[in-house]
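> What follows is a structure written as structure tokens; I'll ask about it next.
The values are calculated or read from the model by the stated rules, or taken from the named source; none is laboratory data. Keep in mind that this is a model prediction, so the values were computed, not measured. Don't worry about glycine lacking a Cβ; one is built from the backbone with ideal geometry, like all the others, and counts go over all protein chains shown.
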């Protein structure tokens with residue numbers, strides 16, 4: 001379904017979802033560990049990984 005979208009729309013959606021996934025997971029880590037630096041690292045790595053492997057840009 002997502003592959004049928006216009007490339008610009010797909011890219012915008014991919015970037016948005018990547019940021020959302022990273023932010024949510026960073027917030028969860030921050031909530032449980034209380035370590036803001038750790039949550040930023042987790043958010044950036046997981047967000048990057050999600051975007052890279054599940055929704056690569058066209």
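Residue by residue, here is whether (1) touching a residue at least 12 places away in the same chain (Cβ under 8 Å); (2) within 8 Å of the chain's Cα centre (by Cα) holds:
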| position | (1), (2) |
| --- | --- |
| 20 | no, yes |
| 28 | no, no |
| 33 | no, no |
| 37 | no, no |
| 40 | yes, no |
| 49 | no, yes |
| 53 | no, no |
| 58 | yes, no |
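> Filter segment 1-18 for residues that are touching a residue at least 12 places away in the same chain (Cβ under 8 Å) and out of contact with any helix residue (DSSP H, G or I) (no Cβ under 8 Å at 6 or more places or on another chain); which is surrounded by the most Cβ atoms within 10 Å (Cβ to Cβ)?
The extreme case among them is 11.
> Check off (1) surrounded by 12 or more Cβ atoms within 10 Å (Cβ to Cβ); (2) at pLDDT below 80; (3) assigned to a helix (DSSP H, G or I) for residue 55 and give me the number that stays unchecked.
(3)
> Got a sec? Which of 46, 24 is modelled with pLDDT of 80 or more, surrounded by 12 or more Cβ atoms within 10 Å (Cβ to Cβ) and in contact with a helix residue (DSSP H, G or I) (Cβ under 9 Å, 6 or more places away or on another chain)?
Among 46, 24, only 24 is modelled with pLDDT of 80 or more, surrounded by 12 or more Cβ atoms within 10 Å (Cβ to Cβ) and in contact with a helix residue (DSSP H, G or I) (Cβ under 9 Å, 6 or more places away or on another chain).
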